[in-house]
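Quick notes on the structure that follows.
The values are calculated or read from the model by the stated rules, or taken from the named source; none is laboratory data. If you're wondering where the values come from, they're calculated on a predicted model, not measured in any experiment. Cβ placement follows ideal geometry from the backbone for every residue including glycine, while neighbour counts extend to all protein chains displayed.
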Amino acid sequence: MRRDCDHLIPYIANELKESERIAFVEHLKDCTKCKKEYQELSQAWHALPFDYTEIAVPESLKGEVLGFVFDQKTKSDTETFMAKMSKLAMKLKSHFTPVSTSILVVLLFAIIGLGIANVQGENRHAENIPIEILTTIPLKAANQSHTGTNGMAYIVQQGSEKNLVVQVHELPGVEGSQVYQVWLLKNGTRENSGIFKPDENGSGILTYQLAEGQTFDQIGITVEPDANSSQPKGEKIAGS
């Protein structure tokens, strides 16, 4: 009897010889355990496409597993990952029989491996695309109180992505919740393009991804009381 039960997975995968397949079909009629396993596993098996690019996984598990895998963590990732997978296995055991749980855990590991490979491939591809500087914009102090403040802004392109990179030096220090905020001006309208705090030497840097087709006339940098300003409240320190 046990030997016949071992034919469940090959039967689902259509890997049995004809004589074995016929024998297992007869076995399946009388074996309650195999019948239950078959109902669970056949659904999971037939949900898998041949190229494994869109494996059907419950959204709750997919989000929990893949979100965990691609989250950037510290060097203790391996231990945390194994602990997470153990918890997932326990959750599966509450819904599936042991054989089904084992198969689904293997499938989850396969999904994770393919996902990591895809991400690594995309990263390698991005590394091979050169970064081109399209525009260089000098930045200078906005008033006589901070004459030493200076910097440069660059519009750079990598593939189809454009970014604004702002570098400023000799900025006055900030206190408490104060931040420096970069504004892009277009036809008199100011758009918030990010915040930063300078280091102890008064240097700061910001990178902002430009929307497709986005342009601007000027850059302004103000010191704001906090990070919540939708329009400039503080003093303008530098600009183009």
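Quick look at the numbers
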| read-out | value |
| --- | --- |
| Per-region count, region 208-237, residues among the hydroxyl-bearing types (Ser, Thr, Tyr), farther than 18 Å from Lys140 by Cα and not in a loop (DSSP other than H, G, I, E, B) | 1 |
| Filter result for Phe216 (in the same structural domain as Gly159 (by TED's automatic domain parsing), within 28 Å of the chain's Cα centre (by Cα) and hydrophobic (A, V, I, L, M, F, W, C)) | no |
| Test for Tyr154: is it crowded, with 17+ Cβ neighbours inside 10 Å, touching a strand residue (DSSP E or B) at 6+ places or on another chain (Cβ under 7 Å) and not hydrophobic (A, V, I, L, M, F, W, C) | no |
| Breaking point among (1) part of a loop (DSSP other than H, G, I, E, B); (2) surrounded by 12 or more Cβ atoms within 10 Å (Cβ to Cβ), for Asn201 | (2) |
| Residue within region 193-201 that is of a type in the set (Phe, Trp, Tyr) and in contact (Cβ under 8 Å) with a residue 40 or more places away in the chain present | no |
| Residue match in region 171-182 (condition: surrounded by 15 or more Cβ atoms within 10 Å (Cβ to Cβ), among the polar types (S, T, N, Q) and under 12 Å from Ser240 (Cα atoms)) | no |
| Test: Gly176 is at pLDDT 65 or above and over 30 Å from Asp217 (Cα atoms) | yes |
| Tally of residues being over 27 Å from the mean Cα position of the chain (by Cα), part of a strand (DSSP E or B) and surrounded by fewer than 16 Cβ atoms within 10 Å (Cβ to Cβ) across region 183-197 | 3 |
